[in-house]
Amino acid sequence: MFKTMGLMKGTAMAGAALVLGLGLTGAFAQNTVKIGAVYPLSGNAASAGASAKAAIEVAVDVINNAHPELGDLTLAKDAGLPNLNGAKVEVVFADNQGTPAAGQNQTLRLITEEKVHAVLGSYQSGITLTASAIAEKYGIPFLSPESVAANLTERGFKWFFRTTPVASDIAKIYMEFLKEMKANGTKVDQIAIVNENTEYGTSIAKVIREAAQANGLNIGLEIPYSANTTDVQSQVLQLKDKNPDCIIFVSYTSDAILYMKTMQALGYKPPILIGDNSGFSDAAFLKSVGPIAQGAINRSAWSAGKPGSVTDRLNEMYKKKTGYDLDDSAGRAMQGFFTMVDAINRAGSTDPNKILAALKATDLKPNQLMMGYRGVKFDEKGNNIMASALLIQIQGNDYVSVWPKQSATAPLQMPYKGW
């Protein structure tokens with residue numbers, strides 16, 4: 001009897017230990033929040049993907065370690081996520097290889113095998129389209145920090161959010177700028193759009209065309225071209241023949257670099273050259289063709305600001321890691337990451353539905369951000385209604401803010417100088 005009781009007691013204790021062990025395992029698991037990040041780490045946009053990866057890794061450092069010197073920047077003050085008992089953030093990066101199919105497959109892997117609690121990505125709009133569809137299917141929050149194609153938020157998705165200015169915001173900026181130039185006597189009678197033909201380029205070109213028509217500006221030439229092309233001589237010759245007053249390029253990095261080199265080779269300079277962020281914001285663009293693209297205008301929401309400012313300190317952290325200054329695309333990736341993790345912290349949970357509710361309730365103020373948005377607040381479609389941007393220009397070895405005047409750090413230089 002005594003032996004039987006002892007055996008029962010031992011079995012009970014072993015069972016209790018097993019339960020306790022499982023409980024501890026669960027507790028330890030809750031000490032880490034896993035976020036998937038799907039970016040082009042190979043292929044023609046690999047440099048942009050590498051910059052985004054580095055920016056997110058800097059954000060992880062800011063979140064996981066106390067950085068009181070970063071002031072009101074969200075989650076910088078404490079080490080870890082205070083509402084999850086100091087839980088640390090872990091990022092699992094996946095290479096979308098610059099293709100929609102790989103982006104879709106990698107997102108599936110992150111959700112089903114890596115068991116991530118949320119997903120970020122994917123730079124190119126066409127890849128964000130397929131990757132976010134997988135997240136929607138599995139009920140996992142997906143945030144896009146950079147993709148601007150209009151149709152991404154027209155699918156009726158429940159789990160999709162994005163922090164970046166979108167196509168309509170961008171078109172409005174260009175129209176206001178060109179109308180101001182025209183009012184000041186600059187000729188803008190003929191505008192050309194040169195766009196790569198994936199989801200991103202096609203969508204932006206369409207919105208710009210419609211905005212120009214609504215604002216009484218003439219799009220006299222549209223040149224769609226195959227993304228990742230290796231020869232743009234015919235397109236540049238067409239531009240040279242038509243000689244528009246302004247060209248707006250909607251291109252990823254390798255294409256943007258190729259256009260600048262070809263324009264120099266053919267001796268062609270338009271009076272106004274505007275790059276729609278993306279390839280023109282990539283550090284590889286400035287390094288490769290900055291000296292022959294002097295005066296190129298680009299949209300941005302990033303500025304390092306004054307020495308000692310929060311943004312300057314973040315830029316120094318990024319520069320120490322990469323050797324380069326933070327660019328707009330990488331900055332938007334960082335801001336998107338901060339926004340997603342802030343929502344997880346406010347949710348106080350890794351439960352997808354609670355994260356979803358927290359994302360919907362997001363209301364970040366400018367002092368909590370590192371990008372020049374008016375804030376972060378999502379509409380019913382998942383767009384950030386507080387997103388905004390300014391125009392920057394290559395002057396010397398750097399981009400400087402030139403428009404609007406209240407945001408300018410240097411005067412606008414016209415016409416486009418080139419080389």
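Straight-distance candidates among the aspartates and glutamates for linking to residue 319, with alpha-carbon spacing under 16 Å and chain neighbours fewer than 8 residues away dropped: 57, 61, 282, 327, 328, 398. For region 298-419, the convex hull spanned by the alpha carbon atoms encloses 135 Å³ per residue. Computed from Cα atoms, the angle from the helix 125-138 axis to the main principal axis of the chain rounds to 20 degrees. Volume of the convex hull of region 148-190 (Cα atoms only), normalised per residue: 72 Å³.
Annotation for residue 215 and residue 44: the two label points, set 7 Å from Cα along the Cα-Cβ direction, are 2.8 nm apart.
For the chain, the residue among 286, 335, 204 whose Cα projects farthest onto the positive side of the dipole built from Cβ charges is 335. Rounded to the nearest 10 degrees, the angle from helix 46-64 to the longest Cα principal axis of the chain is 40 degrees. Using only Cα atoms, tell me the angle between helix 100-112 and the longest principal axis of the chain; keep it within 0 to 90° and round to the nearest 10. Rounded to the nearest ten degrees, it is 20.
Each of 226, 117, 274 was scored by the projection of its Cα onto the charge dipole of the chain, and the greatest displacement toward the positive side belongs to 117; charges sit on the C-beta of Lys, Arg, Asp and Glu. Counting 0.36 nm for each residue step from residue 354 to residue 309 and taking away their Cα separation leaves a gain of 12.8 nm. FRET efficiency for residue 168 and residue 287, Cβ-Cβ distance as r, R0 = 30 Å, nearest 0.05? Given R0 = 30 Å and the Cβ-Cβ separation, E is 0.45.
Taking 0.36 nm per residue of sequence separation and removing the Cα-Cα distance, the residue 113/residue 294 pair yields an extension gain of 60.5 nm.
Fewest-first ordering of 117, 67 by other beta carbons within 10 Å of each residue's beta carbon gives 67, 117. Karplus-based coupling profile of region 67-75, in residue order and whole Hz: 9, x, 5, 8, x, 8, 3, 4, 6, with θ = phi - 60° in 6.51 cos²θ - 1.76 cosθ + 1.60 and x standing for Gly or Pro. Extension gain, residue 88 to residue 320, is 81.3 nm, computed as 0.36 nm per intervening residue step minus the present C-alpha separation.
Taking every DSSP beta bridge that has both ends in the chain, the antiparallel portion is near 25%. Binning all Cα-Cα separations of region 147-298 at 10 Å, short to long from zero, yields these whole-percent fractions: 11, 42, 36, 10, 2. If R₀ is 30 angstrom, what is the calculated FRET efficiency for the pair residue 179 and residue 268, using the beta carbon separation as r and rounding to 0.05? Computed FRET efficiency for residue 179 and residue 268: 0.70.
Where a number appears in this text, it was derived from the coordinates with a stated rule and is not lab data. Since this is a predicted model, take the numbers as computed values, not measurements. Cβ sites come from the backbone with ideal geometry, for glycine too, and all protein chains shown count toward neighbours.
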